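**Q** Quick one: this structure, given as structure tokens, is what I'll be asking you about.
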Amino acid sequence: MHLAIESLPAQGEPEQLVLLLHGVGSSGASMAALAQALRHEFPQAALLAPDAPEAFDGGGAGRQWFSVAGIDETNRPERVAEALPALWSWVRAEQRRLGVPAPATAIAGFSQGAILALETAAQCDGLAGRVLAFSGRFARLPAQAPRLTTLHLFHGATDAVIDAAHARRAFETLAGLNGDATLDIAEGLGHVLHPALVDRAIFRLRHHIPARTWAEALGSAPPGARADDEPLH
């Protein structure tokens, strides 16, 4: 995949890897504001934003991870599943290239990119330590929660493209499965990667201790244990 953004530490090797997945009909360059905010907070992170591999169905220069022509609840899971293997191969290749392990990798996606990020957590648990899903949804609600990936959900309350109800249901489902997840819904925001949500994402990255970290520190921990005190890695 073509890299629209590749931002590496000014000095030294990367300590974290953050992969930014854009929405349908857009490009990796649209994730620049998020990349800049993360660069300020995590100077030793490698930040990569690729262009999706397919040309956008709607024409123009935009890209897409999977087609949305005629998409519905029945065919969405299959289309997402077809897009995932290539994404996973790319993630692993970048981890090897930059020398960053999976637990120190985060996948952040907006809209269609968030759908891929969430499904990656559900179907390839542990490929990344964190998933940040902005204005996204699961293609199909998971039957079991990831154990090696923490999920952070961010949504605008008035999103008319992907209803915030999807984020609420995802959070409730993950909580019921003893998963490790957080949810932030911003009143008055629609389908947009807004600075207010970016600020919450940085807060979660800096202050949320994943349940698996508690388990490792304590020897055991109640399923789904959460706290808010850890940086990205």
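**Q** Per residue of the stretch 69-80, in order, report the coupling 6.51 cos²θ - 1.76 cosθ + 1.60 (Karplus, θ = phi - 60°) as ³J(HN,Hα) in whole Hz, putting x for Gly and Pro.
**A** The phi angles translate into 5, x, 6, 8, 5, 7, 9, 4, x, 5, 5, 5 Hz.
**Q** Return, for the Cα atoms of the stretch 40-90, the radius of gyration and Dmax in Å, separated by a comma.
**A** 14.4, 42
**Q** Within the stretch 1-108, report the GluC sites (Glu not before Pro) that DSSP leaves as loop and that have at most 15 other Cβ atoms within 10 Å.
**A** Numbers: sites: Glu6, Glu15, Glu41, Glu54, Glu73, Glu78, Glu82, Glu94; in loops: Glu15, Glu73.
Passing sites in the stretch 1-108 are Glu73.
**Q** Can you figure out the FRET efficiency of Ala33 with Asn75, using R₀ = 35 Å and their beta-carbon distance, to the nearest 0.05? Intermediate values should be presented prior to the final figure.
**A** Values: r = 32 Å, r/R0 = 0.92.
Given R0 = 35 Å and the Cβ-Cβ separation, E is 0.60.
**Q** Can you find, among Ala102, Ile71, Thr158, the residue sitting farthest towards the positive end of the charge dipole of the chain, where Lys and Arg contribute +1 and Asp and Glu -1 at Cβ?
**A** Ala102
**Q** Could you give the size of the charge dipole of the chain about its Cα centre, using +1 on the Cβ of each K and R and -1 on the Cβ of each D and E, expressed in debye and rounded to the nearest 20? Walk me through the intermediate numbers first.
**A** On the way: 18 positive and 25 negative charges, 48 e Å.
I would put it at about 220 debye.
**Q** Using a 1.4 Å probe on the protein heavy atoms only, what accessible surface does Asp199 show? Give it in Å² to the nearest 10.
**A** 100 Å²
**Q** Can you tell me which of 131-138, 174-181, 55-62 comes out highest on packing, and rank the rest after it, using the mean Cβ neighbours within 10 Å? Show your work: numbers first, answer last.
**A** Values: 131-138: 28.1, 174-181: 19.4, 55-62: 12.6.
In decreasing order of mean packing, 131-138, 174-181, 55-62 become 131-138, 174-181, 55-62.
**Q** Work out, step by step, the length gained on full extension between Glu82 and Ser67: first 0.36 nm times the residue separation, then minus their alpha carbon distance; give nm to one decimal.
**A** Values: separation 15, 0.36 × 15 = 5.40 nm, distance 1.06 nm.
Stretched fully, the Glu82-Ser67 segment lengthens by 4.3 nm.
**Q** Name the long-range amide H neighbours of Ile5: under 5 Å, sequence gap of 5 or more, or other chain; modelled H, no Pro or chain starts.
**A** Under 5 Å from the amide H of Ile5: Ala49.
**Q** Can I ask one more? Consider the candidate values (1) 13.5; (2) 11.9; (3) 14.3; state which one is mean projected area of the Cα convex hull in nm² computed from the structure displayed.
**A** (2)
**Q** Related question: In nm, to one decimal, how far is the Ala93 label point from the Glu41 one, both placed 7 Å along Cα→Cβ?
**A** 2.9 nm
**Q** Can you send over the solvent-accessible area of Glu187, 1.4 Å probe, protein chains only, in Å² to the nearest 10?
**A** That residue has around 150 Å² of solvent-accessible surface.
The values are calculated or read from the model by the stated rules, or taken from the named source; none is laboratory data. The structure displayed is predicted, hence computed values, not measured ones. Every residue, glycine among them, receives a Cβ derived from its backbone with ideal geometry; neighbour counts consider all protein chains shown. Ligands, DNA and RNA are excluded from the accessible area calculation, which covers all protein heavy atoms including side chains. Shrake-Rupley method; radii C 1.70, N 1.55, O 1.52, S 1.80 Å.
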